[in-house]
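Below is one structure, written out as C-alpha cells; comments come after it.
The values are calculated or read from the model by the stated rules, or taken from the named source; none is laboratory data. Quantities reported herein were computed from a predicted structural model and do not represent experimental measurements. Here Cβ is always computed from backbone atoms with ideal geometry, including for glycine, and neighbour counts include all displayed protein chains. Keep in mind that these areas ignore ligands, DNA and RNA; they rest on the heavy atoms of the full protein, side chains included. Shrake-Rupley method; radii C 1.70, N 1.55, O 1.52, S 1.80 Å.
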Amino acid sequence: RPEQAPNSPLINRGYWARVQCIASMVQAFLTQYAIDKPQVLNIGAGWDTLYFRLKAEGVIPETCNWVEVDFPEVTRNKCAVVSKAAFRPLFPCPEAVQFTDTEI
C-alpha cells in the first residue's frame, strides 16, 4: 500500500472545527431543551467518539436513544471494540450495544 501524505494543517483545522461544531450543537440540543426522551441519529458515524465524550461528561441523559448508522463492516468492528470491559461504565445497560446487519 502506498504511503499516504500527511494532511495539511488547514484540513486538520477544518476537521477539528467540524467536530467541535457538531459536538456543540448536540450538547446544546441535549441540555437546553426539556425533552423527556431525546433521540440522536448519527449517520455515517464511523469511529466517531462523540457519544463516549458526552457520556463521560454527563451530558447524555439515561433516557436518550442514541443510534449510530454506518456500513455494516464499520459498525461491526466498532461494536466489537466498544463491547469490551473498558467501555462498560459508559453504558447503563451494556447489552444495549448491538449490531444490526440490515439495509435501510
- Sort out which residues of region 68-87 are among the charged types (D, E, K, R) and surrounded by 12 or more Cβ atoms within 10 Å (Cβ to Cβ), and write them in order of number. GLU68, ASP70, ARG76, LYS78
- Query: Looking only at region 34-91, which residues are under 15 Å from ALA23 (Cα atoms) and hydrophobic (A, V, I, L, M, F, W, C)?
  - Reply: VAL40, LEU41, ILE43, ALA45, TRP47, LEU50, PHE52, LEU54, ALA56, VAL59, ILE60, TRP66
- Query: Taking into account only those residues within region 80-96 that are under 22 Å from VAL59 (Cβ atoms) and of a type outside the set (A, V, I, L, M), which is modelled with the highest pLDDT?
  - Reply: PRO89
- Where a residue in region 66-87 is assigned to a strand (DSSP E or B) and its partner, wherever it lies, is of a type in the set (A, V, I, L, M, F, W, C) and modelled with pLDDT of 90 or more, with Cβ under 6 Å and at least six apart: TRP66/VAL40; VAL67/LEU41; VAL69/ILE43
- Message: Anything in region 28-67 that is open to solvent by less than 90 Å² (accessible area, probe 1.4 Å) and farther than 26 Å from ALA80 by Cα? List them, or say none.
- Response: ALA28, PHE29, LEU30, THR31, ILE35
